Amino acid sequence: RVLAETVPQLVWTVLPDGRFEYTNQRYHDWTQADFEIRGDDFLRQFVHPEDIERTLMLRHHGLETGEPYEFEYRLRKSQTGEYRWFLARGTPVRDEAGQIVKWFGTSTDIDEQKRTEEALRQSQERASALMNSNIIGINVIEGEQIVDANDTFLRMTGYTRENLREGRVNWMHMTAPEDLARTQQAYQELITQQVMTPYEKEYVCKDGSRLPVVVGRVTFQANPSQAIGFVLDNSARK
């Protein structure tokens, strides 16, 4: 009991028929639930309406099968009415005959983790939308090699995804000779400052034609050996 009252989780024990036997003070303070309410309606007091049916289904499945269960749900904080995400885990305790005598459970606050995951998902969606658009050419370099690119960049320069996989797309080799000095200067800026000031240059495409472009680039914080570049077709302006 001392341990249950000390840990930062909501802690409870449940009898084999699903009735709550004990909750720690943190659980009681968070939910301020009416323990006179029995059955599924007990959880309906504080579980988010969008999560309650799934919660009940998984909980009933665990009670019926005796299998430990784990699920995520949102619980309403009684003092403020706000909902936060929790990870619930329930584990059966058995007697010498193997019969379940009670369940021990905890709910751990994972709201910050869920918010981070959602922000990451939205960020990935935005990045994917940009990468898949036909508005701007995008490539990823490692050293002088272009290791990834969107279809727009490949279409602009005439290279294929097979050329990428074969390692045949080199941004230095693609740079027009008269632009090499400026390109090397920009690359040094990228190495020292992790960002490259956008500048104009010409690419030599796969078929030998010239393509005026504006190029900017920034390194990945998580992987400084790689950098992502944004390539604008500058032909119309030229």
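If residue 121 meets every condition in (1) in a helix (DSSP H, G or I); (2) open to solvent by less than 80 Å² (accessible area, probe 1.4 Å) apart from one, which number is that one?
(2)
What single numbered condition from (1) open to solvent by 80 Å² or more (accessible area, probe 1.4 Å); (2) more than 19 Å from residue 218 (Cα to Cα) fails to hold for residue 126?
Condition not satisfied by residue 126: (2).
Only one of (1) touching a residue at least 60 places away in the same chain (Cβ under 8 Å); (2) open to solvent by 60 Å² or more (accessible area, probe 1.4 Å); (3) under 25 Å from residue 200 (Cα atoms) fails for residue 109. Which number is that?
(3)
Six or more apart or on different chains, Cβ atoms under 6 Å: show the pairs whose first residue is in the stretch 175-194 and over 13 Å from residue 217 (Cβ atoms) and whose second is outside any helix (DSSP H, G or I) and not basic (Lys, Arg).
Qualifying pairs under 6 Å: 176/202; 176/204; 179/202.
Of the residues that sit in the stretch 163-181 and are among the charged types (D, E, K, R) and modelled with pLDDT of 95 or more, which one is most open to solvent (accessible area, probe 1.4 Å)?
Residue satisfying both the conditions and the ranking: 178.
Can you tell me which of 230, 153 is over 25 Å from the mean Cα position of the chain (by Cα) and in contact (Cβ under 8 Å) with a residue 60 or more places away in the chain?
153
Would you check if there is a residue in the stretch 90-105 being of a type in the set (D, E, K, R) and in a strand (DSSP E or B)?
Yes: one or more hits.
Counting only residues that are surrounded by 13 or more Cβ atoms within 10 Å (Cβ to Cβ) and charged (D, E, K, R), which one in the stretch 182-221 is nearest to residue 170 (Cα to Cα)?
Ranking the candidates gives 206 first.
Can you work out which of the residues in the stretch 29-44 that are open to solvent by 70 Å² or more (accessible area, probe 1.4 Å) and in a helix (DSSP H, G or I) is farthest from residue 80 (Cα to Cα)?
Filtering the stretch 29-44 for residues that are open to solvent by 70 Å² or more (accessible area, probe 1.4 Å) and in a helix (DSSP H, G or I), the one farthest from residue 80 (Cα to Cα) comes out as 41.
Find the residue count for the stretch 71-84, including only residues that are more than 19 Å from residue 24 (Cβ to Cβ) and free of Cβ contacts under 8 Å to residues at least 40 places away in the same chain.
6
How many residues, within the stretch 43-59, are closer than 17 Å to residue 103 by Cα and touching a residue at least 12 places away in the same chain (Cβ under 8 Å)?
Within the stretch 43-59, residues that are closer than 17 Å to residue 103 by Cα and touching a residue at least 12 places away in the same chain (Cβ under 8 Å) number 5.
Any residue at all in the stretch 137-153 that is open to solvent by 80 Å² or more (accessible area, probe 1.4 Å) and under 30 Å from residue 59 (Cα atoms)?
Looking through the stretch 137-153, none of the residues is open to solvent by 80 Å² or more (accessible area, probe 1.4 Å) and under 30 Å from residue 59 (Cα atoms).
Would you tally the residues in the stretch 6-20 being surrounded by fewer than 11 Cβ atoms within 10 Å (Cβ to Cβ) and charged (D, E, K, R)?
Residues flagged as surrounded by fewer than 11 Cβ atoms within 10 Å (Cβ to Cβ) and charged (D, E, K, R) within the stretch 6-20 amount to 1.
The values are calculated or read from the model by the stated rules, or taken from the named source; none is laboratory data. Since the structure is predicted, the reported quantities are computational estimates derived from the model, not experimental observations. Don't worry about glycine lacking a Cβ; one is built from the backbone with ideal geometry, like all the others, and counts go over all protein chains shown. The accessibility values were calculated without ligands, DNA or RNA, using every heavy atom of the protein model including side chains. Shrake-Rupley method; radii C 1.70, N 1.55, O 1.52, S 1.80 Å.
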